[in-house]
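The values are calculated or read from the model by the stated rules, or taken from the named source; none is laboratory data. Every value quoted in this text rests on a predicted model; they were computed, and no experiment measured them. Don't worry about glycine lacking a Cβ; one is built from the backbone with ideal geometry, like all the others, and counts go over all protein chains shown.
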Amino acid sequence: MNQELLRIVDGIARDKNIGREVVFKDLESAIISAIRKAYDRVEDVTVQIGRDTGDISAIVAGKPMAMRELGRIAAQTAKQVMIQKIREAERGSIFDDYADKKGEIVLGRAIRREGGTLIVDLGRAEAILPKSEQIPGETHMPEDRVRAMILDVREQGNQVRIVLTRTHPDFVRRLFEAEVPEVGEKVIEIVALAREAGYRTKVAVNSLDTKVDAVGACVGVRGSRIKSIVDELGGEKIDIVRWNDSSKVLIANALKPAEVYDISLCFELGRAIVVVTDDQLSLAIGKRGQNVRLAARLTQWDVDILTPNEFNANLDLLEKTLLDVPGMDRQLVSQIVALGMVNVLDIEEVGIEPMMKELKMEQALAEAVVVRCRQEAKNVAEQQQILRERSAQAKPEPEAPAVGAAEHAVEGEAEHPAESKSEPETPSAEEHAVEGEPASMAQDDDPPAGE
């Protein structure tokens, strides 16, 4: 009984996480290759290794052969073939293992950087975290803990390429499943999620149990649960939005902390016209349009924000334009507005089909309406262009410096140094979610939502 061989096989199978039978077959194949090289590539070779005893029996051209008859060169060949086959088996095992974990969160250790790409040790294999999949402004030093989601696993040449991500929206989803037991147990469902990595995320949640408050469970006691997620994301702001089957209610919730005055939906265009008062306009739009942009992606509606004056001006222009068409009356105008078409551009874009189908309008009248609205839309565009050109011409040109100005300037310094302006930083705070409002763990320029 060859106990040493059995121990070697068991050790390789355990260390490389491959099957014991695979190691035996690879070893038999390596011995066959060595014998063929030693005996001028003879084809009739059979090798068997006892799975329980470790004894090796070889038959060459119908005659038994002892392993001691193989020379040093043949043994070296067997070693090289064995190493190659073990590596191939290990690579297949790694691929199968991590391919099954695609979309799951893994914990690794940062090793080094190659350009902007971070190399992460996952234990059995090395993975890459590309620059595009790293949260903006985030840095990892060697030996730092890295928590990321497996984005892709593929075989590339003789290696397994494992790609990680920390910017994918599903990374936030997996963090909620890990930190909020109700989400992991499917009691609370994450219906929709929109994210701009490193800045802000909106999560729409719904409770499948009437006794469980979806927003409160995600926030946790004194914000403990949401704080863990925010800390993992480096302070990224997270708004937890209560899901609602009504599109109007959902859009209003998604635009929090802004208070919505009115919402008009055009199903033909997939567009929502949201009316907010002047003091709520900046909150609804958000810094650099971030709030309305994420709300649009969360609700799957094209969201336009208007003030009451802008909305009423569009309605007045639409009513005036439609009443100029022979055969139109105020009742038909009201019906068109009820379809969510609140300006001349909407009618031009939608065409005649909705008016003929929903309002039973004659084709000739519908075509006349579209033609008239197209003309008016063109006039509006031309007027806006003229106003922009006049505004550009009206801007005063910069004044030339006075003749003696150079006398007061110190060499190498500006006469009037520009003042650097920066936005004040606001400390992060835990906000308590209330009915229909988002819960956030970091503040930006927008004030927190109120009842």
### Query
Got at least one residue in the stretch 368-385 being in a loop (DSSP other than H, G, I, E, B), at pLDDT 85 or above and basic (Lys, Arg)?
no
### Query
Do you know which residues across the stretch 323-349 are surrounded by fewer than 20 Cβ atoms within 10 Å (Cβ to Cβ) and assigned to a helix (DSSP H, G or I)?
323, 330, 331, 332, 333, 334, 335, 337, 338, 345, 348, 349
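Listed here are the residues, each with its yes/no results for (1) within 30 Å of residue 31 (Cβ to Cβ); (2) touching a Gly at 6+ places or on another chain (Cβ under 7 Å); (3) in contact (Cβ under 8 Å) with a residue 60 or more places away in the chain.
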position	(1), (2), (3)
73	yes, no, no
77	yes, no, no
80	yes, no, no
102	no, no, no
120	no, yes, no
129	no, no, no
135	no, yes, yes
143	no, no, no
169	no, no, no
### Task
Scan the stretch 260-300 residue by residue and report those that are over 17 Å from residue 238 (Cα atoms) and polar (S, T, N, Q).
264, 277, 280, 282, 300
### Message
Against the definition (on the phi > 0 side of the Ramachandran plot and basic (Lys, Arg)), how does residue 271 come out, yes or no?
### Response
no
### Task
Considering every residue within the stretch 69-78, establish whether at least one is at negative phi, among the acidic types (Asp, Glu) and modelled with pLDDT of 80 or more.
no
### Query
So which residues in the stretch 350-367 are on the phi < 0 side of the Ramachandran plot and in a loop (DSSP other than H, G, I, E, B), if there are any at all?
352, 359, 361, 362
### Query
If only one of 252, 217 is at pLDDT 90 or above, surrounded by 17 or more Cβ atoms within 10 Å (Cβ to Cβ), hydrophobic (A, V, I, L, M, F, W, C) and closer than 28 Å to residue 302 by Cα, which one is it?
252
### Task
Would you confirm whether any residue within the stretch 157-173 is assigned by TED's automatic domain parsing to the domain that holds residue 124, of a type in the set (Gly, Ala, Ser) and in a loop (DSSP other than H, G, I, E, B)?
yes
### From the options 110, 75, 38, residue that is among the hydrophobic types (A, V, I, L, M, F, W, C) and within 30 Å of residue 178 (Cβ to Cβ)
110
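So which residues in the stretch 105-133 are exposed (fewer than 13 other Cβ atoms within 10 Å of the Cβ) and of a type in the set (D, E, K, R)?
112, 114, 131
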## Note on the structure
residue 137 vs (1) small (Gly, Ala, Ser); (2) more than 18 Å from the chain's Cα centre (by Cα); (3) not in a strand (DSSP E or B): all pass except (2)
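So that you can scan it fast, the table gives a plain yes or no per residue for (1) of a type in the set (D, E, K, R); (2) under 29 Å from residue 379 (Cβ atoms); (3) under 32 Å from the mean Cα position of the chain (by Cα); (4) modelled with pLDDT of 95 or more:
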{"position": "258", "(1), (2), (3), (4)": "no, no, yes, no"}
{"position": "261", "(1), (2), (3), (4)": "no, yes, yes, no"}
{"position": "266", "(1), (2), (3), (4)": "no, yes, yes, no"}
{"position": "270", "(1), (2), (3), (4)": "no, yes, yes, no"}
{"position": "311", "(1), (2), (3), (4)": "no, yes, no, no"}
{"position": "329", "(1), (2), (3), (4)": "yes, yes, no, no"}
{"position": "334", "(1), (2), (3), (4)": "no, yes, no, no"}
### Query
Residues of the stretch 1-26 being closer than 21 Å to residue 65 by Cβ and out of contact with any helix residue (DSSP H, G or I) (no Cβ under 6 Å at 6 or more places or on another chain), which ones?
1, 2, 4, 5, 24, 25
